[in-house]
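Colleague: Next up is a structure, given as structure tokens.
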Amino acid sequence: MSGNKILPSEDDRTIAEGILNGDTSSRSRFVDVYQPRLLKAAKAKILKDRLLRSMYSAEDLVQDFITEKIFAKESEMFGPVASGEKPLGSRVSGSFLNHCIDLNRRIRRSVRVGSQSVDEVDPASASGQIVETSSNYLEEIRSLMDSRLQAIRRSFVDSHRDKVRLKEILQLSERITLAEQIAKSFAYEDALPPSVDPAAMAAELMPWTAEDVGSPMEPPGRTLHEIWQHCANNLRAPPFRVDGQQIADVFEVYRNTYDKWVSRARMRVVDRQAYDKVATLFPHWPMRLREKSFTNLGNEIDT
């Protein structure tokens, strides 16, 4: 070792060499060692970053990073470690920080308030009316939400074949996400300005058709409108969000079942729409969904 240069440990070099040689046990070893550390860092990061917190769980953030930045770029990540030039820990932590910054920028580009991102709005000075924040806000956000809805609807033109109404479930999930973003933008000290109703704003910016909301969902026999109204009540009081378990309870299913419905619906969109369009319209979706093979998704969705 020359000077104060930090070199990789033997264990890290072994992991790096194994991964570069295609050894699956080395990949598993990397996940076992570094995933807990990354999860701890992700939890700390989203506590400080409202935009990331509104779009990602710590688990999704870590999974996206490992998929997109580690195993998709093995030579870049592990090459300098295997050759003994750089330590693995500092490369992983530095890359993870850059990944979080990139995600934050991607979200800012996707959801903007005039010339500002939602995270730059001063909630203490907000009047409560979105239109007063910027003259361009409503049109920009409405245009984005309309594009999202159109992409979803085009992906479900044959949805009458679905046993579960995945299109409506995905529309519900997207509107809830939008309402949570609005609430986080205007909330100040666990309170919203009196005239701010994130649920009403989300419904205005992301309207559903009469066909979408009119038919009963099976389960639980309620219409989509009735389910939305139930969820909307949770968006008007701290913590201004709807937990996945709460939605699962409304549908009278296990949380895991509801999560699978949302995932299957998202995969349908990924399968039916262009990659760049999905990446632009839905930057808050887990990266692993967008990286799945387009050719294999159709069969998985319709089974």
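The values are calculated or read from the model by the stated rules, or taken from the named source; none is laboratory data. The shown structure was predicted, so the numbers you read here are calculated from the model rather than taken from an experiment. Methodologically, a virtual Cβ is constructed for each residue, glycine included, from the backbone with ideal geometry; neighbour enumeration extends over all protein chains shown.
Colleague: Take the residues of region 7-56 that are of a type in the set (V, I, T) and under 24 Å from the mean Cα position of the chain (by Cα): which is nearest to T67 (Cα to Cα)?
Modeller: If we take residues in region 7-56 being of a type in the set (V, I, T) and under 24 Å from the mean Cα position of the chain (by Cα), then V31 is nearest to T67 (Cα to Cα).
Colleague: Something else now. Go through (1) part of a loop (DSSP other than H, G, I, E, B); (2) exposed (fewer than 15 other Cβ atoms within 10 Å of the Cβ) for V253 and report which single condition fails.
Modeller: (2)
Colleague: Hey, does region 128-139 have a residue that's acidic (D, E), modelled with pLDDT of 85 or more and outside any loop (DSSP other than H, G, I, E, B)?
Modeller: no
Colleague: Can you name every one of the helices (runs of 4 or more DSSP H) wholly within region 3-108 that holds 3 or more residues which are of a type outside the set (S, T, Y) and within 30 Å of T280 (Cα to Cα)?
Modeller: 24-48, 50-55, 58-65, 74-82
Colleague: Now for a separate question. Filter the helices (runs of 4 or more DSSP H) completely within region 261-303 down to those with at least 1 residues that are at pLDDT below 70, among the hydrophobic types (A, V, I, L, M, F, W, C) and surrounded by 14 or more Cβ atoms within 10 Å (Cβ to Cβ).
Modeller: Because the criterion is at least 1 residues that are at pLDDT below 70, among the hydrophobic types (A, V, I, L, M, F, W, C) and surrounded by 14 or more Cβ atoms within 10 Å (Cβ to Cβ), the helices (runs of 4 or more DSSP H) in region 261-303 that meet it are 287-290, 294-302.
Colleague: When you scan region 184-241 for helices (runs of 4 or more DSSP H) that lie fully inside it, which ones turn up with 3 or more residues that are modelled with pLDDT of 85 or more?
Modeller: It comes to 198-205, 224-232.
Colleague: Could you tell me which residue of region 177-200 is nearest to the chain's Cα centre (by Cα), considering only residues that are surrounded by fewer than 21 Cβ atoms within 10 Å (Cβ to Cβ) and hydrophobic (A, V, I, L, M, F, W, C)?
Modeller: Top of the filtered list is A187.
Colleague: Name the single residue that is modelled with the lowest pLDDT among those in region 103-127 being touching a helix residue (DSSP H, G or I) at 6+ places or on another chain (Cβ under 9 Å) and farther than 30 Å from S195 by Cβ.
Modeller: Ranking the qualifying residues of region 103-127, first place goes to R106.
Colleague: Looking only at region 165-220, which residues are more than 17 Å from M145 (Cα to Cα), without any contact (Cβ under 8 Å) to a residue 60 or more places away in the chain and touching a Ser or Thr at 6+ places or on another chain (Cβ under 9 Å)?
Modeller: Result: R165, V213, G214, S215, P216, M217.
Colleague: Quick one: in region 163-176, of everything that is of a type in the set (V, I, T) and buried (at least 20 other Cβ atoms within 10 Å of the Cβ), which residue is nearest to Y258 (Cα to Cα)?
Modeller: Checking each candidate, the answer is I169.
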